[in-house]
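S.K.: After the C-alpha cells below, expect a handful of questions from me.
Derivation of every value follows stated rules applied to the coordinates shown; laboratory data play no part. Here the structure is a predicted model, which is why all the values come from computation and not from measurement. Please note: Cβ atoms are built from the backbone with ideal geometry, for glycine as well, and neighbour counts cover all protein chains shown.
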C-alpha cells in the first residue's frame, strides 16, 4: 500500500438524544483500514445508534464523523457508496428471488444491470448460495437469508462493512459459516465493524473491541489485552447442592467471587487451591476455564438484565 | 431546531431505482392488481350510473352516467394513489424494512420517497387510465381532448400520493389510515362534484370544496372528457401542483423525523 494509512473511521465527541434521553453520550472511536472492530454492549447500550450515525442515517447532536475520508452526515451518500451494510433485521425483498434481490439492490448504487448480473455468480459462490439464484426468499433458511444479506452488502465491492449483530438467531453451523466468510473478507483487506453481544464472536473475529454501556465506551483494546488487564486469567464456575456454604470458603481461595443465580464464579490467578478444595466436594459440579471476553463484559457492565 | 430536518429535498435520478423496484414487484402481481383497481370503481359506475341515472335523467347538461363516469375517473385515481402511498408504502417502510435497506446504499430518504411518490402516481394513473379506456369503449367520450386527461390524472396521482406519504410518515399502524380515508377522503369525495354537481352544495360549503384537490381534478377531467376546454384550467392545474409539491415536502420532513430520528 502506497497510500498513507489513514483511518477508515474516525469518530469524536459523538452525541445523540432521542426524546430527551441521551443514547450516545460522547463516543470516540478510530478504526484502522483492514481491522475488524467490534462494538460490544448489552441491549440498549447505543451500538446500533452509533452505527446509524456513522453511516449518516441519523443526524448527530454533536461530534464529528469521518468515514472513508468523507464527512458524515454531510457526505453520507458518498461514504455509503464505498460501504456495505448488514442490518440487524432481515430486510430482503420477500417478493423477489435471490438474484433479483441482488440486482435491485445493486441499482441503488447506480450500477447497471449487466455489471450486477456479471457479479452474481461470484457473490452466490461466496455466500454458499450457488444454484439458488432463482429461489424465492421464503424458501431460504435463516442462515441462507443472512448469507444473502451479506452477499447483498458486497454487491458494490465495498472497502468496508458494517454488520449489526450478524449472527443473532442463527444455529451454530450457520454462525460458523458466517464467521468463516467474514475472516475471508478480512483477508481480502476489507475493514469490518460489527456489533454483537456474543462475546465468543468478538473474541474470534475482532482485532479490537470497544465495550459500550449506557451510551458510553467504557474501555477499548484488543480482546486478549483487555481480558488480561481487567480479569483474572482463571475462572472456576461452581454450582450444585451446598454451593451457598461453599461460596464462603471459595472467597478465601479466589481473588474475586461473583454470584449469578445458583452459580458461583471464582476468578483467580492460580486456580490450584480452588480445584484442590473442590475435589473434596463430590456434590458440587464445577467447570474450570480460561477467562474470556464475556467475563470482562460482565465485570464491566454488570449482571443485571437489560431489556 | 435541527436545520437538516427541514432542508429542501435533494432530488436525484437515483429515485428511479426505487420506482423500478416497485415496478418489478407489480409485474408479478399485475393482473390481480389491475382487476382490483378496476372492479370497485366499475361496479360503482355501472350500479349508480345506470340505476340512479335512470331516475335522475340529465345532470349538469349530460347523462348521469357520463357525469358520474368523468367524476369517477378522477376519484379512482385519487383512491389508487392513496392506497399505494398508504398501505403499500407502509408495508415497505414499516413491515418489510425495505426503505431502511435502501438508505444503507448511497440513497437518501428523499430518493426513496420520490421513487415511491412517482410510483404511486404511475399506478394511480394506470387505474384512472383503465377507467378512461372503459368509458371510451362505451362511447362516452370521443373528443381528442380526452387525451389531455392523461397528464391531469398524473397530477392528481402526484397530489394524493404525496398526501398519502405524509400520512404514512405519521402512521402507527394500518388502522391509522382508516381515519384519513373516512375523515378526509370520503368527505372530499362528496364535496368535489364526483356524484352530483358541486353547485348543488350550499354556498359556504362550496368555499370548502374549492380548497380541495379532488374538486380541481374533477373540474379539469369532466369538461375534457366532454370535449370542452375547462374553465380556469390554469388555476385548477396550479392548485394540484401546489398540493403535490407542498405535501411531498411535508412527507419528506415527517419521514426524516420518523426514520432519521
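S.K.: Can we say residue A:277 is over 27 Å from residue A:41 (Cα atoms) and surrounded by 13 or more Cβ atoms within 10 Å (Cβ to Cβ)? Break it down stepwise before answering.
M.R.: Working: over 27 Å from residue A:41 (Cα atoms): yes; surrounded by 13 or more Cβ atoms within 10 Å (Cβ to Cβ): yes.
Spelling it out, residue A:277 is indeed over 27 Å from residue A:41 (Cα atoms) and surrounded by 13 or more Cβ atoms within 10 Å (Cβ to Cβ).
S.K.: In the stretch A:87-102, which residues are under 26 Å from residue A:191 (Cβ atoms) and more than 9 Å from every other protein chain (Cβ to nearest Cβ)? Write out each step before concluding.
M.R.: Here is the first cut: in the stretch A:87-102, the residues under 26 Å from residue A:191 (Cβ atoms) are A:87-92, A:101-102.
Those that are under 26 Å from residue A:191 (Cβ atoms) and more than 9 Å from every other protein chain (Cβ to nearest Cβ): A:88, A:101, A:102.
S.K.: For the stretch A:61-73, indicate whether the set of residues that are free of Cβ contacts under 8 Å to residues at least 40 places away in the same chain and farther than 23 Å from residue B:253 by Cα is non-empty. Don't jump to the end; show me each part of the working.
M.R.: Kept after step one, since they are free of Cβ contacts under 8 Å to residues at least 40 places away in the same chain, are these residues of the stretch A:61-73: A:70-73.
Then drop every residue that is not farther than 23 Å from residue B:253 by Cα, which leaves A:70.
Checking the stretch A:61-73: at least one residue is free of Cβ contacts under 8 Å to residues at least 40 places away in the same chain and farther than 23 Å from residue B:253 by Cα.
S.K.: Which of the helices (runs of 4 or more DSSP H) found entirely inside the stretch A:203-301 contain at least 1 residues meeting this: touching a helix residue (DSSP H, G or I) at 6+ places or on another chain (Cβ under 7 Å) and under 30 Å from residue A:20 (Cα atoms)?
M.R.: Working: elements: A:223-230, A:243-253, A:272-279, A:293-301.
Output list reads A:293-301.
S.K.: Out of the residues in the stretch A:103-127 that are within 27 Å of residue A:172 (Cα to Cα) and surrounded by 18 or more Cβ atoms within 10 Å (Cβ to Cβ), which is farthest from the other protein chains (Cβ to nearest Cβ)?
M.R.: First, the residues of the stretch A:103-127 that are within 27 Å of residue A:172 (Cα to Cα): A:120-127.
Cutting the leftovers down to surrounded by 18 or more Cβ atoms within 10 Å (Cβ to Cβ) gives us A:120, A:123-124, A:127.
On the way: A:120: 16, A:123: 15, A:124: 19, A:127: 16 Å.
Applying the filter and picking the extreme gives A:124.
S.K.: A follow-up question, please. Going by the conditions given, is residue A:46 within 14 Å of chain B (Cβ to nearest Cβ), touching a strand residue (DSSP E or B) at 6+ places or on another chain (Cβ under 9 Å), touching a residue at least 40 places away in the same chain (Cβ under 8 Å) and surrounded by 23 or more Cβ atoms within 10 Å (Cβ to Cβ)? Can you show your working first?
M.R.: Details: within 14 Å of chain B (Cβ to nearest Cβ): yes; touching a strand residue (DSSP E or B) at 6+ places or on another chain (Cβ under 9 Å): yes; touching a residue at least 40 places away in the same chain (Cβ under 8 Å): yes; surrounded by 23 or more Cβ atoms within 10 Å (Cβ to Cβ): yes.
Taking the combined requirement at face value, the residue satisfies it.
S.K.: Quick check on my filter: what residues within the stretch B:143-159 are farther than 19 Å from residue B:240 by Cα and touching a helix residue (DSSP H, G or I) at 6+ places or on another chain (Cβ under 8 Å)? Talk me through it step by step, then tell me what you get.
M.R.: Quick first cut of the stretch B:143-159, residues farther than 19 Å from residue B:240 by Cα only: B:143-145.
Matches in the stretch B:143-159: B:143, B:145.
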